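Asker: Provided herewith is a single structure, encoded as structure tokens, for subsequent inquiry.
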2 protein chains.
Amino acid sequence: MSAASQARRRRGADDLEIVAFERGRFTSYSACGIPYFLGGLVPRAEQLIARSPETFRDAYAVDVRIRHEVTEVDLGRGAVRARNLENGEEHWEGFDQLLVATGGEPLRPPLPGAEAKGIFGVQTLEDGLAVRRAFDEEEPRRAVVVGAGYIGLEMAEAFKMQGLDVSVVHRDSQPMPTLDPDMGVLVADAMRKMGISVHSGEEVVGFDARQGRVTAVVTERRSIPADIVVLGLGVRPSTTLAVAAGIPNGPSGGIRVDRRMRTTIEGVWAAGDCAEKFHRISRGPVSIALGTHANKEGRVAGINIGGGDAAFPGVIGTAVTKVCEWEVARTGLRESEAPGAGFEPLGVVVDSTTRAGYYPGAQPIKTKLVVEKGTGRLLGAQIVGREGAAKRIDVLAAVLWSGLGVDEILNLDLSYSPPYSPVWDPVLIAARKAWERVEDTVDECR
Amino acid sequence: MSAASQARRRRGADDLEIVAFERGRFTSYSACGIPYFLGGLVPRAEQLIARSPETFRDAYAVDVRIRHEVTEVDLGRGAVRARNLENGEEHWEGFDQLLVATGGEPLRPPLPGAEAKGIFGVQTLEDGLAVRRAFDEEEPRRAVVVGAGYIGLEMAEAFKMQGLDVSVVHRDSQPMPTLDPDMGVLVADAMRKMGISVHSGEEVVGFDARQGRVTAVVTERRSIPADIVVLGLGVRPSTTLAVAAGIPNGPSGGIRVDRRMRTTIEGVWAAGDCAEKFHRISRGPVSIALGTHANKEGRVAGINIGGGDAAFPGVIGTAVTKVCEWEVARTGLRESEAPGAGFEPLGVVVDSTTRAGYYPGAQPIKTKLVVEKGTGRLLGAQIVGREGAAKRIDVLAAVLWSGLGVDEILNLDLSYSPPYSPVWDPVLIAARKAWERVEDTVDECR
């Protein structure tokens, strides 16, 4: 819908007809907001909807057809086959330009018992509404979250806020596999202190059910009783439709696009979780499902479809989440993945506070920088801390994007005032320490 | 003391003798914390002291002599004359290397009545303690702050927190003259809503006193009753001692230094509020009194004095403050000062929220970007908002430092999650709008 809006800005309704097919009932809602709706922080699901199909129809002259699934794309004819999910009718709709914005699909390993009632994904707003209904109707007491990435941790928080007993089970050594283990362990510790059971390094092998309703999550090592289960195992680009039509994927499994979000086929565009992204630090293709990328890519595609010229320059893997009082953020490459991208990394972890130490509300913040040995070039950063910690990742994302080294970062003119920062901001302290380590390493080589 | 610590890190006590003269009683304290001590947020003045003279003596082998004022520098002899303020004795101390770190001195126009009791500056910790004593002993009810820069606004907040009636009187059209007036007016509005009287555009002409104690601040237009007055009229570099010794100032009135913080004289260094700074956007010399610059410069000077090699790359004028619930931040050039630096500016102001709109605690944030017409290069930014607004200036400072244009900034991979940001962060929205304005302006020229 970002693309539709941008295309419409450039070309009026008399010049460009825009038809949008959506399998679900909703357009333009915040999928990232679902855990906060389920936790009760956001009382009504409608609050997550930015613009309704009616708004798009009325204000943007976009012909939105909800509950319509596109089942086939015929590039030769320049048409898509759409199925009305209400009545099963199908028709072909022609196009001059096609945008594929099919999003991501949740990873769902075929585990025994996975079809039991009480097991949910939380990818779409419909999913969220189903979990909410289960809360109201079943009054579950014990929740198990499978997976400890962003959505897993956010759902653990949501269940906790609803007063449930919460367990998280996942296969990696620490929660948040997008962090290095030395930072992820802090998240695990914080979760346990909040009373969440964390079972790391455990593969789920199936689910127990009674009368078709889930009763336990079974791992290699134990059976965890559960009244409700959420699967947060990540998503992959949803490209089945595009691939069947002959629109090629890239090596990451997302639809291959250029910087203007055009696929390899003239007149066919892709944007959002279904589209491959270019990682500016590893210089390789990646699939990252995130609303902020999807929005930017949609804008770029829409400008280009509308006859303008815009480019999406890629991503650096920035992400942030919160688990109750804890804030977690990351950008760039982990120490553990830097060698795979051709860098010899150095990891430096620094403790500081979010405000001047004497100022009320100063909170702990732990910052890890991943820098290149020898040069001190920043490769990535991770933050775990409390209130006021996480958004500092944006400063590191900005300098990582700009290609600065820690010797330059340590002198950055960042804002200082006791309510906001120590006289050396945690970002600067981390850069200083990292640069000292780089200099030490250079000395070692002499 | 930053310099002393860094020099000591590189050269041990057997290799380098370090003597530090300090006119006051304290070393290494947070002058920026004084308003929070006076507002009662920081209960004890000792909390503002990072390291005592004893710590420097014992842990760093720095011979700190408090209550010693250096009254003369003899570059030819390589010696300073120091006066013991306790007993009036003087002696000459030789040096191989000299660091001038005399700081800033408050601007104090010679106004009639300015010597009355109850009128204070708040530059040193001694000043702060004197105001605190006045609180306790005189129980003032009506406070007037003269000046509406950072210290003025922070003192207005402090008085407000102590339950006083507070007036702020200042000569500019809006508070916070480091903001453009269209942003400064937001600060004035917020202050008035908090019950602070703001008299803008009024020059103070003198003070009324009874029995030697201040009773009113007199402006061209009115007399404002006052039991206590704080002067926050800014500071200038304190260079009298250096200039008398033949150490030259630069055009900004601070001691001229190179990037290594060396003055024009071999073996003589300067750092902190007394030293001139290079502004990376205007490409000219400036004087900015700020603890974070002082610390960085001290570090650089100390590394170089200790035989290392470090450079201070300059400043871009980043600053932040809070006035009760309002947060104010800025970096780079104001729209109004950009032409003087040779840029044709475009100012764009955007309203957004600090979190996703539906997330509890989302607060208003107004962001102004100043960009160069035609190119879209970022020249400066200003933020006025509530909780979570101000520190976003650091992202803009980082990209301003790196020389990015708003067309690059709008696609930055900044972190997104509903508790921290809308799906388009306010920084990105501002860059988008600014880029649209730049494109419109380019179209106009065609």
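The values are calculated or read from the model by the stated rules, or taken from the named source; none is laboratory data. Everything numeric in this text was worked out from a predicted model, so none of it was measured. Here the Cβ is made from the backbone with ideal geometry for all residues, glycine too, and neighbour counts use every protein chain on show.
Asker: Go through (1) within 17 Å of B:VAL348 (Cβ to Cβ); (2) more than 7 Å from chain A (Cβ to nearest Cβ); (3) buried (at least 24 other Cβ atoms within 10 Å of the Cβ) one by one and return the number of the condition B:SER421 breaks.
Answerer: For B:SER421, the exception is condition (1).
Asker: May I ask you to say which residue of B:VAL100, B:VAL70, B:VAL144 is touching a helix residue (DSSP H, G or I) at 6+ places or on another chain (Cβ under 6 Å) and at pLDDT 95 or above? Let's see the steps before the verdict.
Answerer: On the way: B:VAL70 fails: touching a helix residue (DSSP H, G or I) at 6+ places or on another chain (Cβ under 6 Å); B:VAL144 fails: touching a helix residue (DSSP H, G or I) at 6+ places or on another chain (Cβ under 6 Å).
Result: B:VAL100 is the single residue among B:VAL100, B:VAL70, B:VAL144 that is touching a helix residue (DSSP H, G or I) at 6+ places or on another chain (Cβ under 6 Å) and at pLDDT 95 or above.
Asker: With respect to B:ASP413, determine if the residue is in a loop (DSSP other than H, G, I, E, B), more than 30 Å from A:GLY40 (Cβ to Cβ) and at the interface with chain A (Cβ under 10 Å from one of its Cβ atoms). Outline the logic, then answer.
Answerer: On the way: in a loop (DSSP other than H, G, I, E, B): yes; more than 30 Å from A:GLY40 (Cβ to Cβ): yes; at the interface with chain A (Cβ under 10 Å from one of its Cβ atoms): yes.
Criteria met by B:ASP413.
Asker: Quick check on my filter: what residues within the stretch B:9-32 are within 20 Å of the chain's Cα centre (by Cα) and outside any loop (DSSP other than H, G, I, E, B)? Walk me through it before giving the result.
Answerer: Within the stretch B:9-32, the first condition is being within 20 Å of the chain's Cα centre (by Cα), and the residues that meet it are B:26-32.
Within the stretch B:9-32, B:TYR29, B:ALA31, B:CYS32 meet the criteria.
Asker: Checking the conditions here, which among A:GLY340, A:GLY302, A:GLY361, A:GLY317 is within 14 Å of chain B (Cβ to nearest Cβ) and surrounded by fewer than 18 Cβ atoms within 10 Å (Cβ to Cβ)?
Answerer: From the options A:GLY340, A:GLY302, A:GLY361, A:GLY317, the qualifying one is A:GLY361.
Asker: Test each condition in (1) closer than 23 Å to B:THR321 by Cα; (2) at pLDDT 95 or above; (3) surrounded by fewer than 24 Cβ atoms within 10 Å (Cβ to Cβ) for B:PHE159 and report the one that comes out false.
Answerer: Single failed check for B:PHE159: (3).
Asker: Only residues that are farther than 16 Å from A:CYS32 by Cα and either in contact (Cβ under 8 Å) with a residue 40 or more places away in the chain or aromatic (Phe, Trp, Tyr) (or both): list them for the stretch A:276-296, please.
Answerer: Initially, the stretch A:276-296 is screened for residues farther than 16 Å from A:CYS32 by Cα, giving A:276-287.
Hits for the stretch A:276-296 are A:PHE278, A:ARG280, A:ILE281, A:SER282, A:ARG283, A:GLY284, A:SER287.
Asker: A further question follows. Listed residues A:THR353, A:THR318, A:THR331, A:THR292; which is polar (S, T, N, Q) and in contact with a Lys or Arg (Cβ under 8 Å, 6 or more places away or on another chain)? Please lay out each step first, then the result.
Answerer: Numbers: A:THR353 fails: in contact with a Lys or Arg (Cβ under 8 Å, 6 or more places away or on another chain); A:THR331 fails: in contact with a Lys or Arg (Cβ under 8 Å, 6 or more places away or on another chain); A:THR292 fails: in contact with a Lys or Arg (Cβ under 8 Å, 6 or more places away or on another chain).
Checking each option against the conditions leaves just A:THR318.
Asker: To continue, here is another question. Would you confirm whether or not the stretch B:300-322 contains a residue that is among the acidic types (Asp, Glu) and within 16 Å of the chain's Cα centre (by Cα)?
Answerer: First, the residues of the stretch B:300-322 that are among the acidic types (Asp, Glu): B:309.
Add one more test, that the residue is within 16 Å of the chain's Cα centre (by Cα), and what stays is none.
No, because not a single residue in the stretch B:300-322 is among the acidic types (Asp, Glu) and within 16 Å of the chain's Cα centre (by Cα).
Asker: May I pose another question? From the list A:ARG256, A:ARG260, A:ARG236, A:ARG280, which one is of a type in the set (Lys, Arg) and over 30 Å from A:ARG377 (Cβ atoms)?
Answerer: On the way: A:ARG256 fails: over 30 Å from A:ARG377 (Cβ atoms); A:ARG260 fails: over 30 Å from A:ARG377 (Cβ atoms); A:ARG280 fails: over 30 Å from A:ARG377 (Cβ atoms).
On inspection, the qualifying residue turns out to be A:ARG236.
Asker: In the stretch B:112-134, what count of residues is obtained for those that are of a type outside the set (Gly, Ala, Ser), surrounded by fewer than 20 Cβ atoms within 10 Å (Cβ to Cβ) and in a helix (DSSP H, G or I)?
Answerer: Of the residues in the stretch B:112-134, 5 are of a type outside the set (Gly, Ala, Ser), surrounded by fewer than 20 Cβ atoms within 10 Å (Cβ to Cβ) and in a helix (DSSP H, G or I).
Asker: Where residues in the stretch A:46-100 are surrounded by 14 or more Cβ atoms within 10 Å (Cβ to Cβ), of a type outside the set (A, V, I, L, M, F, W, C) and within 14 Å of chain B (Cβ to nearest Cβ), which of them is farthest from A:VAL243 (Cα to Cα)?
Answerer: A:GLN47
Asker: Another one. Within the stretch B:365-375, is there a residue that is within 11 Å of another protein chain (Cβ to nearest Cβ) and more than 26 Å from A:PRO422 (Cα to Cα)?
Answerer: The answer is no; no qualifying residue exists.
Asker: What number goes with the only condition from (1) touching a residue at least 24 places away in the same chain (Cβ under 8 Å); (2) part of a strand (DSSP E or B) that B:ARG108 does not pass?
Answerer: (2)
Asker: Kindly indicate whether any position in the stretch B:16-26 is surrounded by fewer than 16 Cβ atoms within 10 Å (Cβ to Cβ), assigned by TED's automatic domain parsing to the domain that holds B:GLU86 and at pLDDT below 95.
Answerer: Going residue by residue through the stretch B:16-26, those that are surrounded by fewer than 16 Cβ atoms within 10 Å (Cβ to Cβ) are B:17, B:19, B:24-25.
Next, only the ones that are assigned by TED's automatic domain parsing to the domain that holds B:GLU86 stay: B:17, B:19, B:24-25.
This time we only want the ones that are at pLDDT below 95, so: B:24-25.
Among the residues of the stretch B:16-26, at least one is surrounded by fewer than 16 Cβ atoms within 10 Å (Cβ to Cβ), assigned by TED's automatic domain parsing to the domain that holds B:GLU86 and at pLDDT below 95, which makes the answer yes.
Asker: Oh, and also: Got a sec? Which strands (runs of 3 or more DSSP E) wholly within the stretch B:175-263 have at least 3 residues that are in contact with an Asp or Glu (Cβ under 8 Å, 6 or more places away or on another chain)?
Answerer: Details: elements: B:197-199, B:204-210, B:213-219, B:223-225, B:228-231, B:235-237.
In the stretch B:175-263, B:213-219, B:235-237 are the strands (runs of 3 or more DSSP E) which contain 3 or more residues that are in contact with an Asp or Glu (Cβ under 8 Å, 6 or more places away or on another chain).
Asker: Test each condition in (1) more than 7 Å from chain B (Cβ to nearest Cβ); (2) closer than 29 Å to B:GLN47 by Cβ for A:GLU439 and report the one that comes out false.
Answerer: (2)
Asker: Then there's this: Please determine whether any residue of the stretch A:392-399 is away from every other protein chain (no Cβ under 11 Å) and touching a residue at least 40 places away in the same chain (Cβ under 8 Å). If you could, list the steps in order and put the result at the bottom.
Answerer: Our first condition is that a residue be away from every other protein chain (no Cβ under 11 Å); within the stretch A:392-399, this holds for none.
No, the stretch A:392-399 contains no residue that is away from every other protein chain (no Cβ under 11 Å) and touching a residue at least 40 places away in the same chain (Cβ under 8 Å).
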